[in-house]
Amino acid sequence: MKNKIRHHRYLNNEMTQKHLAERAGVTRQTIIAIEKGAFNPSVKLALKLAQIFDCKIEELFELDLDD
Amino acid sequence: MKSSMSLLKTIWLFGIVVLIMLGRGLPMWLLVVFIILALAAPLFREFRKKTDLDERQLYISHFSSHISFYVIVGLILFVMIQEFVKTGVNPPSQWYMVLLVPLVIKFIISIFQNFGLRFGARGIGLFFASVWLLFVLFSHGFQFESLIGSIPFLLMAVTAWYSKRFPLYCGLGFIILTIGLLFFFGAWMNFDIYVRLLMYALIPLPLLLSGGALLLSVYLKEEG
């Protein structure tokens, strides 16, 4: 699954991973893992991230061709 | 801010190693209390309602526990085989208990998680009833004694079968059957504690959990 979290952090005043993690209620390592595509978040966490960036979940995550 | 799991796990593992190394000098009761506390601490952290672990940390914890479980099973098998090769006789019963009880627990939990309380209870009841029914009939042959011995398992199968329609009565039936089985198999009291634990895990425990699950499904109004 691809994601645009890095892009959305940039759009949101270069929000740090630490700040995003605090707002989402997870660790910074989890944000790093999601950004790298090493961990797929639950629907709940994905929705929370979309809410933080004030965008639709589809704008944040999209399926890879392999998925 | 969520706290780091790695640091806490490292401290925890270090604490356990130190406890084992220095524990020999402690009074036995104190050592047991320390070991129980040390083993329960991560469970308490993970299962309390407002856990500070996030979903990725929980995933890592569960995945590593899953792998560790199979490592433990492998190690137990290794010890059993070594014992057999060394002595030429079957390993003592405690090894069978240590090997089989966690596997039974894993089986029961996965059935309940997969099928829900009501269907899980039904499946577990039917599975254990069938296994024990076949065991009694094939080990003792189709004699009068084995037919008498098979009655509890026939009752178990019938109760499991009707649990879909009558979960409340069948749940109570399972619990009554569990209590009855403890009297029916009174001879178990002559076995050593390890064999007893193994037998309890293989017959009354699944029955009791199924009964409890059926009653809980009625209380929670779970769809049948």
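The values are calculated or read from the model by the stated rules, or taken from the named source; none is laboratory data. Remember, predicted model here, so these are calculated numbers, not experimental data. Glycine gets a Cβ as well: all are built from the backbone with ideal geometry, and neighbour counts include every protein chain shown. The area values use the complete protein model at the heavy-atom level, side chains included, leaving out ligands, DNA and RNA. Shrake-Rupley method; radii C 1.70, N 1.55, O 1.52, S 1.80 Å.
Let me know the shape class of region B:138-196, please: from the alpha-carbon gyration tensor, a ≥ b ≥ c as square roots of the eigenvalues, rounded when a/c is under 1.5, otherwise prolate if a/b is greater than b/c, or oblate. Oblate, because a/c is 1.5 or more while a/b does not exceed b/c.
With springs only between Cα atoms under 10 Å apart, run a GNM on chain B and tell me which of B:187, B:41, B:121 wobbles the most. Of B:187, B:41, B:121, the most mobile in the Gaussian network model is B:41.
Solvent-accessible surface of region A:2-60, averaged per residue with a 1.4 angstrom probe and all protein chains in place: 60 square angstrom.
Across chain A, the mean sequence separation of Cα contacts (distance under 8 Å, 6 or more residues apart), normalised by length, yields a relative contact order of 46 percent.
Given R0 = 25 Å, the distance between the Cβ atoms of residue B:193 and residue B:85 translates into a calculated FRET efficiency of 0.40. In a DSSP loop and with at most 16 other Cβ atoms within 10 Å, the trypsin sites (Lys or Arg not before Pro) in region B:7-109 are B:48, B:49, B:50. Stretching the chain fully between residue B:107 and residue B:10 yields a gain of 31.9 nm (0.36 nm per residue, less the alpha carbon separation). Remark on residue A:39: its backbone amide H falls under 5 Å from those of A:34, a criterion applied only to residues 5 or more positions apart or on other chains, H modelled at 1.01 Å from N. Counting only protein heavy atoms and a probe of 1.4 Å, the accessible surface of chain A is 49% carbon and sulfur. Placing dummy labels 7 Å off each Cα toward the beta-carbon, the span from residue A:23 to residue B:32 is 5.3 nm. Once the Cα-Cα distance is subtracted from the 0.36 nm per residue extended length, the residue B:18 to residue B:158 segment shows a gain of 45.1 nm. If you take the accessible area of B alone plus A alone and subtract the pair, what total do you get in square angstrom, rounded to 100, with a 1.4 Å probe? Chains B and A together bury approximately 800 Å². Take each residue of peptide B:53-62, count the partner chain Cβ atoms within 10 Å of its Cβ, and average: the result is 5. Taking the chain by itself as reference, region A:16-33 contains these residues with an accessible-area loss of 50 Å² or more in the full protein complex (1.4 Å probe, heavy atoms): A:27.
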